[in-house]
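Asker: I have a structure here, written as structure tokens, and I will follow up with some questions on it.
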Amino acid sequence: MGNGMNKVLPGLYVGNYRDSKDPVQLDKYKITHILSIHDAARRLHADKHYLCIMASDSPDQNLTQYFSLCNDFIHAARLRDGNVLIHCLAGMSRSVTVAVAYIMSVTPLTWREALKVVRAGRAVANPNLGFQRQLQDFETYKLVEERRRLKERYPSLALADSDLAECRVMLDSYQTMLNQRTICEGKCAMGRQCPTGVCRTGSKRQPRPRRPSTTSSVGDSAGMKRSPSTLSTTSTASGYRPRSSPAGLYSYTGVPSRPTRSSSGLSVTRVTDPGGGGSAMAVGGSEYSRRRAASAPATPALSPSSSPPGSPHRAPHRSRALQRCS
């Protein structure tokens with residue numbers, strides 16, 4: 001996850017949040033468009049074209065509703081010889097799901113084949129089980145219509161043959177890596193080392209049983225509520241992942257346009273920055289969060305904090321009565 005963004009197709013890259021901030025990588029791969037999809041997606045570079053989607057890495061998060069908008073953003077950029085970076089936080093689940101949906105839409109590949117193409121370029125690609133089900137449903141019920149829509153909107157066949165040829169090369173590469181055990185299919189057995197590190201392959205020892213809680217159920221129901229942090233823990237084996245949200249993203253400036261409705265019925269906030277040369281669209285979340293996401297940064301954004309800040313209620317403070325006395 002920390003080795004930089006990876007090329008999936010010509011003009012299409014997948015990476016993580018850190019990659020999206022790195023000016024060296026952005027210049028190296030000539031990135032012109034950035035599709036940012038995570039809980040607090042933000043525009044970080046005034047000279048880039050952005051699509052910001054506020055979405056969590058939860059199996060219950062509906063990503064299918066954004067596929068058409070993402071496909072338009074990616075395909076239009078590539079047809080103009082632009083280079084697109086799709087990123088979430090880790091570059092494993094949300095960004096990969098969007099990339100797979102796009103590849104399915106512009107080639108005859110199934111969702112499993114498209115995922116192999118992405119994994120051949122980025123071995124840690126591993127959408128959660130909910131997103132995999134959404135890709136399967138997208139293939140079954142909506143893919144034919146989406147392919148037809150894209151062909152009508154973008155009649156150019158400039159990328160059709162080259163994308164299919166590149167996908168075949170990537171599928172062959174995936175099979176070679178699988179035979180050489182430099183990649184896995186996400187099903188490594190317990191106790192066996194995973195070549196990509198995405199499988200839980202620790203010891204076969206059974207977990208130690210928990211001690212019975214000393215707190216009675218009556219006490220719990222009487223108002224002893226758990227903190228949200230203890231309620232949000234999830235099982236990796238079930239495909240669930242902890243909700244991730246980058247914190248510490250600084251304030252942004254700019255006057256976005258009024259929210260509009262896309263052809264898919266999504267509320268979209270659009271901003272064009274004539275000074276920086278970039279633009280942004282933001283979907284998901286509240287109108288306020290979309291306005292902040294689409295605005296150009298006033299200061300460089302820092303990396304998301306690894307732990308939540310301390311509670312402000314624990315900070316020393318003086319009562320109002322004491323303040324009046326002093």
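The values are calculated or read from the model by the stated rules, or taken from the named source; none is laboratory data. Note that the coordinates shown come from a computational prediction; the quantities given were computed from them, not determined experimentally. A quick note on method: Cβ atoms are made from the backbone with ideal geometry, for glycine too, and the neighbour counts reach across all protein chains shown.
Asker: Inside segment 53-111, can you point out the residues that are closer than 9 Å to Ile37 by Cβ, in contact (Cβ under 8 Å) with a residue 60 or more places away in the chain and out of contact with any Cys (no Cβ under 7 Å at 6 or more places or on another chain)? Can you show your working first?
Answerer: Within segment 53-111, the subset closer than 9 Å to Ile37 by Cβ is 53-55, 63, 66, 70, 86-88, 94-95, 97-98.
So of that shortlist, the ones also in contact (Cβ under 8 Å) with a residue 60 or more places away in the chain come out as 53-55, 63, 66, 86-88, 95, 98.
Listed by number, the residues that qualify are Ile53, Met54, Ala55, Leu63, Tyr66, Ile86, His87, Cys88.
Asker: Look through Ala46, Ala76, Ala41 and report the one residue that is of a type in the set (Gly, Ala, Ser) and touching a Leu at 6+ places or on another chain (Cβ under 9 Å). Walk me through how you get there before you give the answer.
Answerer: Values: Ala46 fails: touching a Leu at 6+ places or on another chain (Cβ under 9 Å); Ala76 fails: touching a Leu at 6+ places or on another chain (Cβ under 9 Å).
Of Ala46, Ala76, Ala41, the one residue that is of a type in the set (Gly, Ala, Ser) and touching a Leu at 6+ places or on another chain (Cβ under 9 Å) is Ala41.
Asker: Any residue that is of a type in the set (A, V, I, L, M) and surrounded by 23 or more Cβ atoms within 10 Å (Cβ to Cβ) - is there at least one of those in segment 125-138?
Answerer: Our first condition is that a residue be of a type in the set (A, V, I, L, M); within segment 125-138, this holds for 125, 129, 135.
Now restrict to residues that are surrounded by 23 or more Cβ atoms within 10 Å (Cβ to Cβ): 125, 135.
Checking segment 125-138: at least one residue is of a type in the set (A, V, I, L, M) and surrounded by 23 or more Cβ atoms within 10 Å (Cβ to Cβ).
Asker: While we're looking at this one, here's another question. For segment 5-32, enumerate the residues that are touching a helix residue (DSSP H, G or I) at 6+ places or on another chain (Cβ under 6 Å), surrounded by fewer than 23 Cβ atoms within 10 Å (Cβ to Cβ) and not polar (S, T, N, Q).
Answerer: Our first condition is that a residue be touching a helix residue (DSSP H, G or I) at 6+ places or on another chain (Cβ under 6 Å); within segment 5-32, this holds for 5-9, 11, 14, 19, 25.
Right, trim to surrounded by fewer than 23 Cβ atoms within 10 Å (Cβ to Cβ) and you get 6-7, 25.
The answer is Lys7, and nothing else.
Asker: Still on this structure, please answer the following. Condition first: modelled with pLDDT of 95 or more and under 30 Å from Asn179 (Cβ atoms). Can you find one or more residues in segment 27-48 that meet it?
Answerer: Scanning segment 27-48 turns up at least one residue that is modelled with pLDDT of 95 or more and under 30 Å from Asn179 (Cβ atoms).
Asker: Residues to consider are Glu185, Glu113, Glu139; find the one that is outside any helix (DSSP H, G or I), acidic (Asp, Glu) and within 22 Å of the chain's Cα centre (by Cα). Let's see the steps before the verdict.
Answerer: Numbers: Glu113 fails: outside any helix (DSSP H, G or I); Glu139 fails: outside any helix (DSSP H, G or I).
Only one candidate qualifies: Glu185.
Asker: For Lys21, state whether it is in contact (Cβ under 8 Å) with a residue 40 or more places away in the chain and of a type in the set (D, E, K, R). Quick ask: steps written out before the conclusion?
Answerer: Details: in contact (Cβ under 8 Å) with a residue 40 or more places away in the chain: yes; of a type in the set (D, E, K, R): yes.
Yes: the conditions hold for Lys21.
Asker: May I pose another question? Test Gly82 against the criterion of being more than 22 Å from Leu171 (Cα to Cα) and not in a loop (DSSP other than H, G, I, E, B), and give yes or no. Quick ask: steps written out before the conclusion?
Answerer: Details: more than 22 Å from Leu171 (Cα to Cα): yes; not in a loop (DSSP other than H, G, I, E, B): no.
Taking the combined requirement at face value, the residue does not satisfy it.
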